[in-house]
Amino acid sequence: MPKKKIKIKKKKRQEKKWVTPNVRECSIQLRNISKIIKEGNVTEELKTYYNCYKNNYRRMIRETTKIHNEKCILSSNNKTKVMWDIINEELGKDRKELRKIHINIDGVDVKDPKK
């Protein structure tokens, strides 16, 4: 039996536009502290510091996304459309491209049904 080649498409990681260098730096720092805590033998002070740092990091993410969304909305001409784009992006919905419709009516190909 011949072998069949299969191409596996990797999903492109969608870059978040609201991420700032400060957020990236805090993310790395939080991961490092988390690794230290998972190794064990840590003091209660480090655990409380980690929890406070994590809460501040979450708050920072909330604020930066909020500021980014506000900038997008205020700088657009069609504010309603941008709001719905932001909502769909947060929900993880992608915009579907308009499907090209080809209809054959009595031997005539119709591409635009509105005409």
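Quick note: the coordinates plus some simple rules give every number you see, no bench work behind them. Quick caveat, the model's predicted, so the values are computed rather than measured. Every residue, glycine among them, receives a Cβ derived from its backbone with ideal geometry; neighbour counts consider all protein chains shown.
Data overview
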| quantity | calculated |
| --- | --- |
| Computed lengthening from ILE103 to LEU74, 0.36 nm per intervening residue step minus Cα-Cα distance | 6.3 nm |
| Extended-chain gain in nm, criterion 0.36 nm per residue less alpha-carbon gap, ARG62 and LYS111 | 13.1 nm |
| Difference of contour (0.36 nm per residue) and Cα-Cα distance, THR43 to ARG31 | 2.6 nm |
| Normalised convex hull volume, the stretch 21-95, alpha-carbon set, Å³ per residue | 106 |
| Residues ILE33, ILE73, ILE103 arranged by fewest to most Cβ contacts within 10 Å | ILE103, ILE73, ILE33 |
